Amino acid sequence: MSDDQRAIQDFEWALAKGFWRRVLTWVRGSSNKLLPFDEVRARLEVRGQHYLGMRQVPIDQIVGSAGRYLDFDRAFLPLQGRTRDRWISIDKAHYQDVILPPVELFKVGEVYFVKDGNHRVSVARERGQAFIDAYVIEVDVPVPVTPDTSLDELALQQERYNFFKETHLDELRPQASFETNVNGQYQRLLEHISVHRWYLGEQRRAAVDLPEAAASWYDLVYLPVVEMIRSQNLLRSFPGYTETDLYLWVVTYQGYLRDAYQDGAGLEPMADQATDHALKDAAGKHVREEFPLGAVGKLVSMLKRSAWVSQALLQQEQADFFRRTQLNELYPEERFEATIPGQYERLLEHIRVHRWYLGEQRRQEVPLQEAVQSWYKNLYRPLVEIVRSQGVLQDFPGRTETDLYLWIMSHRWFLQNSYGSDVSVEQAAEQFMDEHAPRRRKKRRPD
């Protein structure tokens, strides 16, 4: 058999192996693709690069390519017929003992990407060659990269690195791990810390740097949730998830959980129930689909016994509410305090509706801050003055003017939808107190 014939046969065999490897990985649900260098580089923080010179590189550590990653699989077997001529000519050169020039590689962590010489790498690997001569340029990145690393894992490692770079929690709280296997989780943690930082600044009336806020958030918000998870051995009920995942899950589904652990904790007007039904049903459905029902019940049971959870959620929600509306700066004499998680989102919804209403009246877009001030002056403040003038809070110990505003406004909505006529704020407040205030109910009783 001639060298040409042997090289052709080698290519056909390599192409067939590439096909069957692709079928096998599809059946197993695994990945068999080369990593694209440009995408890897885009996902990592590149600190620079430097030339290492010529080296003998282990071929099994070459896992990607700068330009031909669709032409070969992870084992550098050919996947496309268009590689045939080039592949055969290089294989034939091996049969004829022709010395080929070194390939050019990028080194990232412990792995390599082909800059030039994809066919040479493919032929060398198919011939059982363990090493290949290469000119190497090392790209400096802050995270480890190994032959088993996937694109998603790279992004996750970079997110983790960025999280610790900004918060210094790996130094301030070295015992904390913050493990997760889901992209985007570290960014969500940073958002929680940012809200907590804002809240601390408002309390102290002074700027708080991010690492200090991160340490405070860890101690006061994150760790209590994690300790609860550990004490109940919850991870066993949520296989594949981490403590960090469950912490974020609690916050994500706080509306659904609120209904579970707040049941019977306070007044729930019919209008509040109607307003929340869609959100509750959607969240509950997602929870039931995503997690075992028994595990969810266990978590809800713990939350019922954890009063601090409500307080932590309220602090986060209030800080986010003020950050969006700046009402604490516009009207510092007002407290805007709610006692039930979820109330601040309702306030925001009232402002959004009022903004839309103003826009319809004026036939133009109304800036958010203008709508906020108009809502306060025309809706919130007048109702709060009614609550104060009639001493309504005496009948609702532990509740606030903000709670009463939301309940009365929801009651007004209920009355208007029930009777089909406009109901003033004063009428809604009067009717609400007649129904729910103990002193008013006593007065209505016959002698």
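Residues to consider are 37, 11; find the one that is in contact with a Ser or Thr (Cβ under 7 Å, 6 or more places away or on another chain) and surrounded by 15 or more Cβ atoms within 10 Å (Cβ to Cβ). Before the answer, list the steps.
Numbers: 11 fails: in contact with a Ser or Thr (Cβ under 7 Å, 6 or more places away or on another chain).
Going through 37, 11 in turn, the sole match is 37.
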Margin query: Could you go through segment 158-178 and let me know if any residue there is crowded, with 19+ Cβ neighbours inside 10 Å, in contact with a Gly (Cβ under 8 Å, 6 or more places away or on another chain), part of a helix (DSSP H, G or I) and modelled with pLDDT of 90 or more.
Written below: yes
Notebook entry, point to check: Conditions: (1) small (Gly, Ala, Ser); (2) surrounded by fewer than 16 Cβ atoms within 10 Å (Cβ to Cβ); (3) assigned to a helix (DSSP H, G or I); (4) free of Cβ contacts under 8 Å to residues at least 40 places away in the same chain. Residue 128 meets all but one. Number of the miss?
Noted result: (3)
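Looking at this structure, is residue 218 buried (at least 17 other Cβ atoms within 10 Å of the Cβ) and in contact with a Phe, Trp or Tyr (Cβ under 7 Å, 6 or more places away or on another chain)? Quick ask: steps written out before the conclusion?
Numbers: buried (at least 17 other Cβ atoms within 10 Å of the Cβ): yes; in contact with a Phe, Trp or Tyr (Cβ under 7 Å, 6 or more places away or on another chain): no.
Answer is no for this residue.
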Notebook entry, point to check: Any residue at all in segment 196-213 that is at pLDDT below 90, surrounded by fewer than 18 Cβ atoms within 10 Å (Cβ to Cβ) and touching a Leu at 6+ places or on another chain (Cβ under 8 Å)?
Noted result: no
Next item on the list: Quickly run through segment 86-124 and pick out the residues that are among the polar types (S, T, N, Q) and assigned to a loop (DSSP other than H, G, I, E, B).
Entry: 96
Check: For segment 18-31, how many residues meet the condition of being among the polar types (S, T, N, Q), in contact (Cβ under 8 Å) with a residue 60 or more places away in the chain and assigned to a helix (DSSP H, G or I)?
Finding: 0
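Can you name every residue in segment 1-51 that is among the charged types (D, E, K, R) and more than 31 Å from the chain's Cα centre (by Cα)?
Narrowing segment 1-51 to residues among the charged types (D, E, K, R): 3-4, 6, 10, 12, 17, 21-22, 28, 33, 38-39, 41, 43, 45, 47.
Matches in segment 1-51: 3, 4, 6, 10, 12, 17, 21, 22.
Output the number of residues of segment 318-335 satisfying the condition of being in contact (Cβ under 8 Å) with a residue 60 or more places away in the chain, more than 23 Å from the chain's Cα centre (by Cα) and crowded, with 21+ Cβ neighbours inside 10 Å. Reasoning before the result, please.
Filtering segment 318-335 for residues in contact (Cβ under 8 Å) with a residue 60 or more places away in the chain gives 318-320, 322-323, 328, 335.
Now restrict to residues that are more than 23 Å from the chain's Cα centre (by Cα): 328, 335.
Going one step further and asking which of them are crowded, with 21+ Cβ neighbours inside 10 Å, we end up with none.
The qualifying residues number 0.
Is one or more of the residues making up segment 223-242 in a loop (DSSP other than H, G, I, E, B) and in contact (Cβ under 8 Å) with a residue 60 or more places away in the chain?
yes
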Next item on the list: Sort out which residues of segment 68-87 are farther than 26 Å from residue 150 by Cα and crowded, with 20+ Cβ neighbours inside 10 Å, and write them in order of number.
Entry: 87
Note to self: I need every pair where a residue in segment 32-43 that is over 18 Å from residue 144 (Cβ atoms) has its Cβ under 6 Å from the Cβ of a residue that is surrounded by fewer than 18 Cβ atoms within 10 Å (Cβ to Cβ) and among the hydroxyl-bearing types (Ser, Thr, Tyr), sequence separation at least 6 or different chains.
What the structure shows: 32/25
Item checked: Residues located in segment 226-248, provided they are at pLDDT below 80 and of a type in the set (A, V, I, L, M, F, W, C) -> 228, 229, 234, 238
Notebook entry, point to check: Has segment 96-103 got at least one residue that is surrounded by 16 or more Cβ atoms within 10 Å (Cβ to Cβ), modelled with pLDDT under 90 and out of contact with any Ser or Thr (no Cβ under 6 Å at 6 or more places or on another chain)?
Noted result: no
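The values are calculated or read from the model by the stated rules, or taken from the named source; none is laboratory data. Since we're looking at a predicted model, the values are computed, not measured. Note that each Cβ is placed from the backbone with ideal geometry, even for glycine, and that neighbours are counted across all protein chains shown.
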